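Undergrad: Structure incoming, see below.
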């Protein structure tokens with residue numbers, strides 16, 4: 001039967017009608033202006049305009065009219081009039097990909113860091129990744145593919161990350177270090193350069209060339225005063241333009257030219273000088289230019305005996321002998337490699353420093369001859385670099401962690417535990433463990449939706465910084481959860497702002513975790529006889545615990561800039577203290593009460609002698625390291641004979657009240673309401689064990705409640 005006739009007769013259309021090209025339908029809908037909208041708007045437009053039935057529409061009453069899309073479809077070519085099943089399929093083909101942009105997965109695969117910082121790249125990546133259904137392994141590969149080549153090269157010498165979040169955090173930390181270094185250092189030289197080290201000035205000593213004697217101090221002064229050349233003694237020119245000084249071509253005519261240059265620093269006498277160094281696998285020793293040694297007054301020692309030096313054709317270089325070498329210099333390559341190294345002194349104006357085969361053999365760096373750059377350090381290098389323990393192959397933490405030790409916060413006896421004091425490692429997303437924070441809800445309840453708190457301009461800026469940082473390290477992720485707690489700030493003692501999530505609604509419907517917290521007064525009874533004390537403060541303690549899988553949506557919070565949920569345990573959850581205390585007790589289970597007290601994230605180590613105390617502290621740091629818990633060095637105190645801990649002053653004489661808190665009680669204004677009286681008694685009750693007959697003294701106030 002003819003489709004048009006069927007339509008006129010009101011009979012159902014059959015599924016066997018000739019198929020139509022979805023492009024035709026798309027063209028018709030484009031003419032109606034529907035596809036000029038976003039994908040969501042397109043769907044809503046179809047739902048509101050398209051009246052799909054299995055029978056053709058009845059002829060409209062003269063006073064009625066059909067919707068524009070309905071008319072466009074049914075008034076078009078008869079081939080387009082088809083069954084509902086086929087028509088729905090065509091609609092899906094038309095709208096499967098939004099016209100407003102590429103598919104989200106395609107956008108994710110094409111995302112590149114480019115000139116952006118790793119933080120900006122990570123935020124874009126996390127935002128798009130949250131809309132995909134890919135697992136971490138696939139996302140990890142895509143994130144790595146989008147990193148800049150320079151950052152990828154540096155990441156190659158890092159220890160293997162165990163998760164995508166750890167890899168992202170490492171990339172961000174390393175990118176920040178590299179950007180700071182580039183901002184304060186000269187760019188690497190990858191081709192034959194003009195010399196970057198300070199050229200001889202008028203007052204500089206003469207560049208020592210083979211066969212020329214060293215100038216006396218008087219001759220130096222004379223040539224300086226008369227503005228004479230330090231090389232030939234003539235006037236009218238300086239040493240770097242002296243016509244009698246051999247040119248670079250003359251000096252290097254017997255040697256092959258290699259273009260692999262790396263930026264290095266020579267440090268001595270409390271100063272560092274950046275110079276370019278040639279990596280030459282054909283050189284049998286490490287060399288330094290005599291002119292550079294003379295100009296910088298680098299200390300040297302005579303070679304006993306002198307060493308014969310020849311070119312590849314066995315012809316002597318210069319005078320044919322090396323007579324001096326430098327003392328051990330503090331030598332740095334780029335940002336990370338750091339060692340003590342001595343150089344033999346020769347005349348090499350074209351290359352101030354030459355790193356020869358012995359250096360390459362010892363450290364075995366990986367070199368990209370195509371790019372002309374050093375791309376990776378070997379495990380041997382990582383174990384021999386200064387300030388780098390053998391057991392730790394990661395380089396990014398060395399720059400920061402060594403600073404913590406050098407600042408004086410941590411005694412050198414614990415320098416092999418640099419990892420425990422690492423800010424970068426503490427910021428990583430931890431792995432799921434047995435201590436994950438579970439959020440079990442009471443039956444027939446669901447998290448309420450809180451309000452969006454208005455923020456002042458400083459708070460709004462602080463919120464944006466907090467969200468960016470938390471997204472970058474993987475502590476939070478974009479959320480589609482129906483739960484939504486409020487986000488606001490409270491002031492800190494130092495004038496800063498502390499982010500807070502209003503989880504009061506969630507806490508009221510959460511099943512309590514009945515794990516007990518330690519009784520501090522009872523714990524202090526264990527300190528009898530102790531003479532040495534160390535206090536450790538854990539860094540980002542709660543953030544070192546993951547939220548149990550599939551419970552993350554319950555932690556969702558909303559701000560004026562988005563909706564997010566936590567992957568780590570945030571502050572404010574009712575079970576957070578108990579969960580963390582259970583973790584700490586498990587870690588120190590066999591030594592609690594013997595020489596360790598642990599109250600949530602505050603740890604006290606106590607001993608009867610300094611020798612024992614050092615062993616005890618090392619044991620505690622070792623357990624923290626094994627369990628990926630980290631310490632804030634600036635808030636720690638080591639090897640004290642008197643220390644403040646949890647509001648008490650502890651010494652070998654015993655336990656006393658903290659005078660600062662006593663002062664708060666003595667200066668407390670007179671309570672005028674029941675609530676104020678309750679606050680006062682609650683605070684004063686903390687020191688009841690130090691007040692004789694406390695119950696009698698406070699009885700009259702208690703009777704007023």
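Taken together, the values in this text are just the output of simple stated rules run on the coordinates, not laboratory data. What you see is a predicted model, and the numbers here were worked out from it, not measured in a lab. Every residue, glycine as well, gets a Cβ built from its backbone with ideal geometry; the counts of neighbours run over all protein chains shown.
Undergrad: Once you have the Kirkwood Rh of region 497-560 from its Cα pairs, apply Stokes-Einstein at 25 °C and 0.890 mPa s and quote D in µm²/s. Please list the in-between numbers first.
TA: Working: Rh = 16.4 Å.
After rounding, the answer is 150 µm²/s.
Undergrad: Fewest Cβ neighbours within 10 Å first, please rank 667, 637 accordingly. All intermediate terms of the calculation are to be shown ahead of the outcome.
TA: Values: 667 7, 637 16.
With the fewest neighbours first, 667, 637 line up as 667, 637.
Undergrad: For region 576-705, what is the Kirkwood estimate of the hydrodynamic radius, computed as the reciprocal of the mean inverse distance between distinct Cα atoms, to one decimal in Å?
TA: Values: mean 1/r = 0.0569 Å⁻¹.
17.6 Å is the Kirkwood radius here.
Undergrad: Another one. Sort 140, 435 so that the residue with the fewest other Cβ atoms within 10 Å of its own Cβ comes first and the one with the most comes last. Could you put the intermediate results ahead of the total?
TA: On the way: 140 17, 435 20.
So the ranking, lowest neighbour count to highest, is 140, 435.
Undergrad: What is the Cα coordinate range of region 659-702 on the first, second and third principal axes, sorted by size from largest, in whole angstrom?
TA: 27, 24, 12
Undergrad: Same structure again: How fast does region 104-184 diffuse by Stokes-Einstein, in µm²/s, taking the Kirkwood radius from C-alpha pairs at 25 °C and 0.890 mPa s?
TA: Working: Rh = 12.9 Å.
Value of D from the Cα-based Kirkwood radius: 190 µm²/s.
Undergrad: Hey, fewest Cβ within 10 Å first, where do 290, 498, 512 land in order?
TA: On the way: 290 22, 498 13, 512 10.
Ascending number of Cβ neighbours within 10 Å: 512, 498, 290.
Undergrad: Return the tail of the calculated pair distribution for region 457-656, meaning the percent of Cα-Cα pairs more than 28 Å apart. Write out the running numbers ahead of the final one.
TA: Working: 7446 of 19900 pairs.
Value for region 457-656 (Cα pairs over 28 Å): 37 percent.
Undergrad: So for the pair residue 106, residue 611, with labels modelled 7 Å out along Cα→Cβ, what separation do we get in nm?
TA: Between residue 106 and residue 611, the simple spin-label model gives 7.4 nm.
Undergrad: Report the convex hull volume per residue for region 447-550, counting only C-alpha atoms, in Å³.
TA: On the way: hull volume 19.1 nm³, N = 104.
With only Cα atoms used, region 447-550 gives 184 Å³ per residue.
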